[in-house]
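Below is one structure, written out as structure tokens; comments come after it.
The values are calculated or read from the model by the stated rules, or taken from the named source; none is laboratory data. As the structure is a computational prediction, the values presented were derived from the model and not from experiment. We place every Cβ from the backbone using ideal geometry, glycine too, and count neighbours over all the protein chains shown.
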Amino acid sequence: MGEHILKEFLNYLEAEKRVSFHTLKAYKHDLEEFLNFLSSLGIENPADVNEVHLKTFFYNLKEKGLCAKSLARKLSAIKSFYKFLLKRKGVTSEAVFLLEAPKIEKKLPYVPSEEELNSMIEEVTGKDFLGARDRALLELIYGCGLRVSEASNLTLEQIDSKLRIIRVKGKGDKERLVPFGQKALEALEEYLPKREQKLKELGKESPYVFLNAKGERLGERGIRYIIKRLGLKSGLFSLHPHALRHAFATHLLNAGADLRSIQELLGHANLSTTEIYTKVGYEYLLKVYLSSHPRASLSFGQKQKS
């Protein structure tokens, strides 16, 4: 029973919730682990799960060294699974929904500075297909705060070059309009003709904006590799696509943009998700102050040089 229900749930996530490949893979792994644990106890019906079973499952995982974040993710997957069971099968387990997730120490996201990103992007000056593509990719992800999945699945019809607006399809197929600037427009104008020429040479057609050397859609893994490689060349050893999205939000906030506007641009469902950037912004401003203000680093009793 467990395997059949799990397959239905994963199909539901993929077809109706339109979750990413990586999310689907994580849910599959977590729930297979949970169902195998139940099976080892002789429990085949998910409705028979009680508090002892759940606590034993998570205790075993904790003993294996799993961190609070991983445990919370697994509990989230289990709760989503049981919500599906309740909705589709009328099956529920009160113990699942009463179990609280472990507290996770919130870490601030890695955000490269404006100077670091501007310097890195300006170094990508290749005039060939791949160089032009990489420049356009950076300009749009950073300039529009795109998720890696949104950049990978971006199509030509989503871009309005005259209005300089992208119609982004985000999580759950929710759409949002995001403007882009002159630099991104110039990068697109450099890249798109080379893209058409590449497709013509290969005898192919594609609706997707970002393509690989074979004329196929540039996947999420490919985008991560490109951004990591370009970051390493510029000394940004922790750069990844989401860091560019974090930078988009943080740099807007530092420049005076309000949280509500940033929330809309990022496509966050809740303002609380966007509020983390106020903390990042404060850390940035504090760093600027401490390194720039003439009295910020003076110790008590130390005289300032005249």
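Points worth noting:
- So Gly215, is it free of Cβ contacts under 8 Å to residues at least 24 places away in the same chain and within 18 Å of Asp128 (Cβ to Cβ): yes
- Scanning region 122-152 for residues that are small (Gly, Ala, Ser) and not in a helix (DSSP H, G or I) yields a count of 2.
- Within region 195-219, being crowded, with 18+ Cβ neighbours inside 10 Å and assigned to a helix (DSSP H, G or I) holds for Arg195, Lys198.
- Per-region count, region 177-192, residues part of a strand (DSSP E or B) and either in contact with a Phe, Trp or Tyr (Cβ under 7 Å, 6 or more places away or on another chain) or modelled with pLDDT of 95 or more (or both): 0
- Cβ-Cβ contacts under 8 Å between residues 6 or more apart (or on different chains), taken from a first residue in region 142-155 that is within 13 Å of Ile166 (Cα to Cα) and in the same structural domain as Leu185 (by TED's automatic domain parsing) to a second residue that is outside any helix (DSSP H, G or I) and of a type in the set (Phe, Trp, Tyr), are listed as Gly143/Phe180; Cys144/Phe180; Ala151/Phe210; Asn153/Tyr208; Leu154/Tyr208; Leu154/Phe210; Thr155/Tyr208.
- Val96, sole failed condition from (1) modelled with pLDDT of 90 or more; (2) buried (at least 16 other Cβ atoms within 10 Å of the Cβ); (3) touching a helix residue (DSSP H, G or I) at 6+ places or on another chain (Cβ under 7 Å): (1)
- Hey, Ala269 of a type in the set (Gly, Ala, Ser), at pLDDT 70 or above and assigned to a helix (DSSP H, G or I) or not: no
- Of all residues in region 153-174, those that are in a helix (DSSP H, G or I) and modelled with pLDDT under 95 total 3.
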